């Protein structure tokens, strides 16, 4: 293919404390068209596994769905210049109340490449030491921390109408086909 797509213009439509929205003009040959894109600084998530092979989870309210969801700790790269691993360590402490001595990068994922440039780095955190939580938002302050075995978690998640994609990716990376038999 001799023609290629490229962005030739950008107009900012919205800027919030978490994300922005841009209208991008894209060209392919002589044709142009617009796409609205949610811009995001990126995020991290952590699958924390204790010495009993239990997974650290949060049951947290999410306004877009107006319900509580099961999630692994996660957060936005909202500190200027912060390394993703440093952000993961900070978020694990804030949300789950843990420090980890062993960290492994499970992968980097495009959250929804059709409409957002958000990248998510997911880590596995092991060799945990429990400390006091330091939640920073109303949802985090009221979230519930729960530790579950993989079998307990499978049972809980099978009863949910939908689950967090970050949780699903992390579980499948660490435990293989986590949801087989669903």
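The values are calculated or read from the model by the stated rules, or taken from the named source; none is laboratory data. For clarity, every value in this text was computed on a predicted model and none was experimentally measured. Positions of Cβ are generated from backbone atoms using ideal geometry, with glycine treated the same way; all protein chains shown enter the neighbour counts.
The table for this structure:
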{"quantity": "Criterion (in the same structural domain as residue 99 (by TED's automatic domain parsing), in contact with a strand residue (DSSP E or B) (Cβ under 9 Å, 6 or more places away or on another chain) and assigned to a strand (DSSP E or B)) met by exactly one of 59, 52, 24", "calculated": "59"}
{"quantity": "Filter result (more than 20 Å from residue 156 (Cα to Cα), free of Cβ contacts under 8 Å to residues at least 40 places away in the same chain and outside any helix (DSSP H, G or I)) within segment 66-93", "calculated": "75, 77, 79, 80, 81, 82, 83"}
{"quantity": "Residue in segment 5-14 that is exposed (fewer than 15 other Cβ atoms within 10 Å of the Cβ), in contact (Cβ under 8 Å) with a residue 24 or more places away in the chain and more than 22 Å from the chain's Cα centre (by Cα) present", "calculated": "yes"}
{"quantity": "Members of segment 98-129 that are assigned to a loop (DSSP other than H, G, I, E, B) and surrounded by fewer than 19 Cβ atoms within 10 Å (Cβ to Cβ)", "calculated": "111, 112, 113, 114, 115, 117"}
{"quantity": "Residue check for residue 173: out of contact with any helix residue (DSSP H, G or I) (no Cβ under 9 Å at 6 or more places or on another chain), in contact (Cβ under 8 Å) with a residue 60 or more places away in the chain and either within 23 Å of residue 99 (Cβ to Cβ) or assigned by TED's automatic domain parsing to the domain that holds residue 57 (or both)", "calculated": "yes"}
{"quantity": "Residue check for residue 79: touching a helix residue (DSSP H, G or I) at 6+ places or on another chain (Cβ under 9 Å) and either more than 23 Å from residue 165 (Cα to Cα) or surrounded by fewer than 18 Cβ atoms within 10 Å (Cβ to Cβ) (or both)", "calculated": "yes"}
